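**Student:** This is the structure I want to talk about, given as structure tokens.
The values are calculated or read from the model by the stated rules, or taken from the named source; none is laboratory data. A quick note: this is a predicted structure, and the numbers were derived from the prediction, not measured. Here the Cβ positions follow ideal geometry from the backbone for every residue, glycine too, while neighbour counts run over all protein chains shown. The accessibility values were calculated without ligands, DNA or RNA, using every heavy atom of the protein model including side chains. Shrake-Rupley method; radii C 1.70, N 1.55, O 1.52, S 1.80 Å.
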Amino acid sequence: MSLLRISDLAVSYRGVPAVRDVGFDVDAGEVVAVVGESGSGKSTTAHAAIGLLPRGGRVDGGSITFDGRDLLSLSPRRWRSVRGREIALVPQDPAVSLNPVHRIGDQVAEVLKIHGLADRRSASLEAISLLERAGVPSPELRARQYPHQLSGGLRQRVLIASALAGRPKLIIADEPTSALDVTVQRRILDHLTSLASESGTAILLITHDLGVAADRASRIVVLSQGSVVEEGTSVVSAPTHPYTRQLIAAAPSLSSTLRPPAPPTEPLVSVRDLAKSFDGIRAVDGVSFDIPRGQTLALVGESGSGKSTTARLLLRLETPSSGSVSFDGQDITGLSGEELRRLRRRMQIVYQNPYASLNPKFSVEEVVAEPLRAFKLPRDRVPSLLDQVALPSSVARRKPAELSGGQRQRVAIARALALRPDLVVCDEPVSALDVSVQAQILALLADLQAELGLSYLFISHDLAVVRQLADQVGVMRAGKLEELGPVAQVLEEPRAEYTKELLAAIPGRSVQEVG
């Protein structure tokens with residue numbers, strides 16, 4: 001008998017159908033992945049299985065049984081004994097899921113105390129052990145810290161430790177690694193999947209990344225618009241549904257090819273021996289590189305490697321401790337005041353999270369026009385800028401909250417182009433997007449570069465994405481450049497062990513190699 005069985009599930013939000021006739025099984029010790037884009041119904045299905053549908057959500061039909069019990073008939077009191085103890089959830093966003101005013105160790109220990117698995121004293125010690133099992137370094141120290149003192153990867157491991165606390169039979173992991181570095185992602189997924197093989201814990205993995213699903217799951221369920229369109233063990237290697245083939249074609253880790261070599265051009269930006277220290281800690285340490293005109297240099301590395309700090313130094317949003325930055329032949333390291341303001345017209349940035357970087361009170365038209373207004377330039381370019389990023393004129397009066405993630409990122413790109421810059425810094429611009437939307441944004445960036453002659457500094461932790469867009473790539477670790485060269489050389493014949501580690505961590509590589 002299956003541990004979890006979902007049959008003919010139908011869920012709606014305030015009368016609007018979100019999931020229709022969804023059904024699949026998860027056996028003890030099995031890893032099953034549910035994949036699809038935002039809005040496909042995958043998270044709704046997962047939340048229905050753990051009794052955590054958001055306000056306004058309702059199960060309209062079908063059944064969900066767990067270990068022979070009907071979950072849909074459980075009372076709230078009975079759910080409290082099942083949730084966390086028998087079925088645990090690892091949510092996507094640890095920043096929202098962790099209490100900012102409680103120490104990490106106390107939050108993990110709370111799960112043990114709620115389910116009567118430990119008393120106050122032993123719960124604290126067991127919490128440290130759980131943090132260690134979840135791969136948290138220096139668990140005794142981390143247990144005394146607060147969520148804001150931890151990186152995104154460490155916060156996600158804390159959520160895994162909390163999920164492990166109840167020794168559940170099933171862990172539902174809802175996009176547990178979508179915003180994490182590939183090496184951190186690999187370690188977290190290694191830990192989750194080892195649980196399935198070692199202790200018989202079943203994993204229901206919710207993800208938009210078919211590469212992750214192909215690497216980790218014994219079976220894959222593909223959802224589109226609230227319905228199952230394909231399910232099986234060979235979904236990635238032998239897809240039968242057009243939607244599945246579309247997802248595979250859009251996934252960088254499964255389909256990306258190297259960008260053809262670009263002809264040599266003179267550098268627009270030259271960085272030499274750049275360094276920056278914060279409170280005595282060297283964040284950037286002797287970094288040197290050039291960005292040729294009309295080409296893309298990608299900086300890759302894990303969180304904390306110094307790549308975003310390097311970008312901020314280049315943009316003069318931070319002042320270097322030492323070293324120099326030249327732009328179009330001019331040393332800009334010491335610029336200030338009006339000279340620096342004029343320079344900013346030629347250098348723009350597109351951030352990772354378009355929702356956070358766009359003023360929610362502004363309409364799209366006001367967002368795009370903001371830099372034009374700041375430099376007292378005519379605002380009549382807004383319609384052509386929206387057209388340039390393939391947005392219809394109808395979005396001009398809408399607010400960012402009314403747009404999809406991909407549309408918001410297009411607005412951010414349009415704003416960056418408003419002042420006709422020579423250089424655009426793209427700081428993880430697609431890491432929070434679905435693979436198909438990600439592919440559209442990458443294609444847009446490539447088209448804009450060809451059309452406008454833009455130079456890009458592309459910040460990413462994803463080497464599969466870099467393959468598609470970059471001409472040169474620099475691999476950063478602990479503030480230093482471990483390796484720098486043409487993308488084909490670095491990615492096909494890496495010299496640094498760290499680069500090899502990053503390449504090995506790309507999800508879906510095993511599928512590519514078999515193919």
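**Student:** Which of the residues belonging to the stretch 163-188 are in contact with a Leu (Cβ under 8 Å, 6 or more places away or on another chain) and either assigned to a helix (DSSP H, G or I) or of a type in the set (Lys, Arg) (or both)?
**Tutor:** Pass one, the stretch 163-188, residues in contact with a Leu (Cβ under 8 Å, 6 or more places away or on another chain): 163-167, 169-174, 176-177, 182-183, 188.
163, 164, 165, 167, 169, 182, 183, 188 - these are the residues of the stretch 163-188 that are in contact with a Leu (Cβ under 8 Å, 6 or more places away or on another chain) and either assigned to a helix (DSSP H, G or I) or of a type in the set (Lys, Arg) (or both).
**Student:** Tell me which helices (runs of 4 or more DSSP H) are completely within the stretch 221-318 and hold 2 or more residues being more than 23 Å from residue 181 (Cβ to Cβ), or say none if there are none.
**Tutor:** Values: elements: 242-250, 252-255, 307-314.
Passing ranges, in order: 242-250.
**Student:** Could you tell me which residue of the stretch 110-123 is farthest from residue 80 (Cα to Cα), considering only residues that are without any contact (Cβ under 8 Å) to a residue 40 or more places away in the chain and open to solvent by less than 60 Å² (accessible area, probe 1.4 Å)?
**Tutor:** 122
**Student:** For the stretch 296-332, give me each residue that is under 22 Å from residue 500 (Cα atoms) and not basic (Lys, Arg).
**Tutor:** We begin by selecting, within the stretch 296-332, every residue under 22 Å from residue 500 (Cα atoms); these are 296-308.
Within the stretch 296-332, 296, 297, 298, 299, 300, 301, 302, 303, 304, 305, 306, 308 meet the criteria.
**Student:** Step by step: first the residues of the stretch 258-288, then only those that are β-branched (Val, Ile, Thr) and out of contact with any Gly (no Cβ under 8 Å at 6 or more places or on another chain), then the one that is farthest from residue 423 (Cα to Cα). Which residue is that? Working first, answer last.
**Tutor:** Within the stretch 258-288, the first condition is being β-branched (Val, Ile, Thr), and the residues that meet it are 265, 269, 271, 281, 284, 287.
Cutting the leftovers down to out of contact with any Gly (no Cβ under 8 Å at 6 or more places or on another chain) gives us 269, 281.
Values: 269: 9, 281: 29 Å.
Selected residue: 281.
**Student:** If I filter the stretch 435-451 for residues that are at pLDDT below 95, surrounded by fewer than 24 Cβ atoms within 10 Å (Cβ to Cβ) and in a loop (DSSP other than H, G, I, E, B), do I get at least one hit?
**Tutor:** no
**Student:** Of all residues in the stretch 34-88, which are assigned to a strand (DSSP E or B), closer than 30 Å to residue 215 by Cα and open to solvent by 10 Å² or more (accessible area, probe 1.4 Å)?
**Tutor:** Here is the first cut: in the stretch 34-88, the ones assigned to a strand (DSSP E or B) are 34-35, 57-66, 69-70, 83, 87-88.
If we keep only those that are closer than 30 Å to residue 215 by Cα as well, we get 34-35, 63-66, 83, 87-88.
Passing the criteria: 63, 65, 83.
**Student:** Let me ask something else about it. Would you confirm whether or not the stretch 322-341 contains a residue that is in the same structural domain as residue 491 (by the TED database), assigned to a helix (DSSP H, G or I) and under 19 Å from residue 485 (Cβ atoms)?
**Tutor:** Within the stretch 322-341, the subset in the same structural domain as residue 491 (by the TED database) is 322-341.
Subset that is assigned to a helix (DSSP H, G or I): 337-341.
Then drop every residue that is not under 19 Å from residue 485 (Cβ atoms), which leaves none.
No, the stretch 322-341 contains no residue that is in the same structural domain as residue 491 (by the TED database), assigned to a helix (DSSP H, G or I) and under 19 Å from residue 485 (Cβ atoms).
**Student:** Within the stretch 91-101, identify whether any single residue is closer than 24 Å to residue 203 by Cα, at pLDDT 90 or above and not assigned by the TED database to the domain that holds residue 175, and answer yes or no. Write out each step before concluding.
**Tutor:** The first filter runs over the stretch 91-101 and keeps only residues closer than 24 Å to residue 203 by Cα, leaving 91-98.
Subset that is at pLDDT 90 or above: 98.
Filter once more, keeping what is not assigned by the TED database to the domain that holds residue 175: 98.
Within the stretch 91-101 (the criterion being closer than 24 Å to residue 203 by Cα, at pLDDT 90 or above and not assigned by the TED database to the domain that holds residue 175), the answer is yes, since at least one residue qualifies.
**Student:** Shifting gears a bit: So, in the stretch 139-165, of the ones that are within 15 Å of residue 192 (Cβ to Cβ), in contact with a helix residue (DSSP H, G or I) (Cβ under 6 Å, 6 or more places away or on another chain) and of a type outside the set (Val, Ile, Thr), which residue ends up surrounded by the fewest Cβ atoms within 10 Å (Cβ to Cβ)?
**Tutor:** Just the residues of the stretch 139-165 that are within 15 Å of residue 192 (Cβ to Cβ), to begin with: 153, 156-165.
Imposing the further condition that a residue be in contact with a helix residue (DSSP H, G or I) (Cβ under 6 Å, 6 or more places away or on another chain) reduces the set to 153, 156, 158-159, 161-162, 164-165.
Next, only the ones that are of a type outside the set (Val, Ile, Thr) stay: 153, 156, 159, 161-162, 164-165.
On the way: 153: 22, 156: 30, 159: 24, 161: 28, 162: 27, 164: 24, 165: 29.
For the stretch 139-165, the residue satisfying everything is 153.
**Student:** Return yes or no: is residue 348 of a type in the set (S, T, N, Q) and open to solvent by less than 50 Å² (accessible area, probe 1.4 Å)?
**Tutor:** Numbers: of a type in the set (S, T, N, Q): yes; open to solvent by less than 50 Å² (accessible area, probe 1.4 Å): yes.
The answer is yes for residue 348.
**Student:** Under 8 Å between Cβ atoms, which residue pairs at least 6 apart in sequence (or on different chains) link something in the stretch 474-489 that is farther than 16 Å from residue 288 by Cβ with a partner that is assigned to a helix (DSSP H, G or I) and open to solvent by 10 Å² or more (accessible area, probe 1.4 Å)?
**Tutor:** Close Cβ pairs satisfying both conditions: 487/467.
**Student:** Mind counting the residues in the stretch 75-128 that are charged (D, E, K, R) and over 20 Å from residue 141 (Cα atoms)? Before you say what the answer is, go through the steps one by one.
**Tutor:** Taking the stretch 75-128 first, the residues charged (D, E, K, R) are 77-78, 80, 83, 85-86, 93, 103, 106, 110, 113, 119-121, 126.
Narrowing the set further to residues that are over 20 Å from residue 141 (Cα atoms) leaves 77-78, 80, 83, 85-86, 93, 113, 119.
Within the stretch 75-128, residues that are charged (D, E, K, R) and over 20 Å from residue 141 (Cα atoms) number 9.
**Student:** Would you mention how many residues in the stretch 3-33 are open to solvent by less than 40 Å² (accessible area, probe 1.4 Å), on the phi < 0 side of the Ramachandran plot and assigned to a loop (DSSP other than H, G, I, E, B)?
**Tutor:** Count: 2.
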